[in-house]
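First comes the structure, then the notes that go with it.
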Amino acid sequence: MHSTLFPPLPPETRRLLNTIPALVEKTFPIPGRFRRELPANIKKLSRLLTGDRGQRSLSYLGHPNLLGAYLHYFLPWNLYRLCRLLPALDISLYNGDTVVDLGCGPLTFAAALWISRPELRSQKLEFLCVDHCGPALEAGKDFFAALTGGRSPWKLHTIRDSTENFSLKNKPVALVCAINLFNEIDSKLPQGDVAAQNRRAKNAARLLNGFTSDTGSILVVEPGIPNSGQFITLLRTALMGCGRPVVSPCPHELSCPMPGGFSLTGNERVKKRWCHFAFDTEDAAAALHRLSAAAGIPKERAVLSFLFTARAAAEKDSAPLPSPVERRGFLPVRVISDAFSLPHNRCGRYGCSARGLVLLTGERSSIEKTASGMLLEAELGEPAQRDPKSGALMVNA
């Protein structure tokens, strides 16, 4: 068993992603006198999306300067992140299937699916794209039409509404996705308020489950920050309570050993380990890297947290993918963290397993090959040993 969540971009996907900055420029040109303000607007929006989230209104994309910054910078980067992830997920869609995209913004998910899953381009799919921001929806329609040359068989319906008010008038759908939605809704929740996060996760699980058919799938992608990691863990528990086990990235259905959030050590708030994945961006478009550098926020790596519940077996499906199973002497492990040094010239990465948190150890050359997101079989030592610092079960790469 050996698989990764973030395989290298196929040549065709990479070619399309390399054209995105120019396509955005052509579709949403910025007059010369305002172009010099673009890097500053990108930096301003970046602050509003991160450290200054509490100062951001839900209608921030209604401001032309911020929408322009989003389209020229954040849209291409979000497309890149999704195009690295989507090929590794068992997203099965068929003619006549419907997708609900909650908080869709400028139709980022639909565009990423078109770019990264060419086998779906011939399917007659219907997308219900829900967002409260009219300008973002209109921009998304223009961008998707430019991306596909207006020749897509997909029907995209834009619905200006909030996720709380949106209701599905027809039968439950094949796929429900929420990309960078819940961190925006929860931007004003106090950090560390686990009870509020838990309530929000349960409400989100009911919302997502209610839109999804019994044989449908759910995809949630959030920024790879501690607060989002905590929410993702709570959402995983809530979805499992709705009868929807998460098949990726989790290699098991037991409690999450990386719950995120914070703990108190004296008067100091310390971040707990949280489930998130990082990968290099060296194959992203050169023009996008140049714009990032001009804005003063170079992006050498992309980071995200996510959950995916697979489509259950149905008459038109094959059996669902089996969960990885522990066999004698070996343990399925999802690699999570970056590599770090250990005593005696060893190296390690943290991972997730049915036995809880694990510390994957080995020679540096071996550990560096086990990238974040990789699912592998680790060798169990005899007798089992625990890392004295973290309490993680120690296994060999």
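The values are calculated or read from the model by the stated rules, or taken from the named source; none is laboratory data. Not measured: the values here are computed from a predicted model. We place every Cβ from the backbone using ideal geometry, glycine too, and count neighbours over all the protein chains shown. Remember, those area values only see protein heavy atoms, side chains included, never the ligands or the DNA or RNA. Shrake-Rupley method; radii C 1.70, N 1.55, O 1.52, S 1.80 Å.
The figures follow:
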| item | result |
| --- | --- |
| Heavy-atom accessible area ranking, 1.4 Å probe, most first, across ARG14, ARG206 | ARG206, ARG14 |
| Cut-off under 5 Å, modelled amide H: who pairs with LEU175 long-range | THR98, VAL100, SER217 |
| For the range 92-174, projected area of the alpha-carbon convex hull averaged over all directions, nm² | 5.1 nm² |
| Peptide ranges 129-135, 169-175 listed from the most packed, as the mean C-beta count within 10 angstrom indicates | 129-135, 169-175 |
| Estimated vicinal HN-Hα couplings, Hz - the range 161-172 in sequence order (Karplus 6.51, -1.76, 1.60; Gly, Pro = x) | 6, 8, 5, 5, 9, 5, 10, 8, 7, 9, 5, x |
| Out-of-range pairs (alpha-carbon distance over 20 Å; input LYS272/LYS369; LYS271/LYS389; LYS44/LYS272; LYS124/LYS171; LYS43/LYS299; LYS171/LYS202) | LYS272/LYS369; LYS44/LYS272; LYS171/LYS202 |
| The chain: Cys lacking any partner C-beta under 4.7 angstrom | CYS83, CYS133, CYS177, CYS242, CYS250, CYS256, CYS275, CYS347, CYS352 |
| Beta bridges per DSSP with both ends in the chain, % antiparallel, nearest 5 | 60 percent |
| P(r) histogram, all alpha-carbon pairs of the range 1-123 included - 5 Å bins from 0, percent | 2, 9, 17, 19, 17, 15, 11, 6, 2, 1, 0, 0 |
| Amide H contacts of ARG121 (H built 1.01 Å from N, under 5 Å, at least 5 apart or other chain) | none |
| Within the chain: Cβ-based charge dipole about Cα centre, in debye rounded to nearest 20 (Lys, Arg +1; Asp, Glu -1) | 620 debye |
| Within the chain, longest stretch clear of exposed GluC sites (Glu not before Pro) (DSSP loop, no more than 14 other Cβ within 10 Å) | 38-163 |
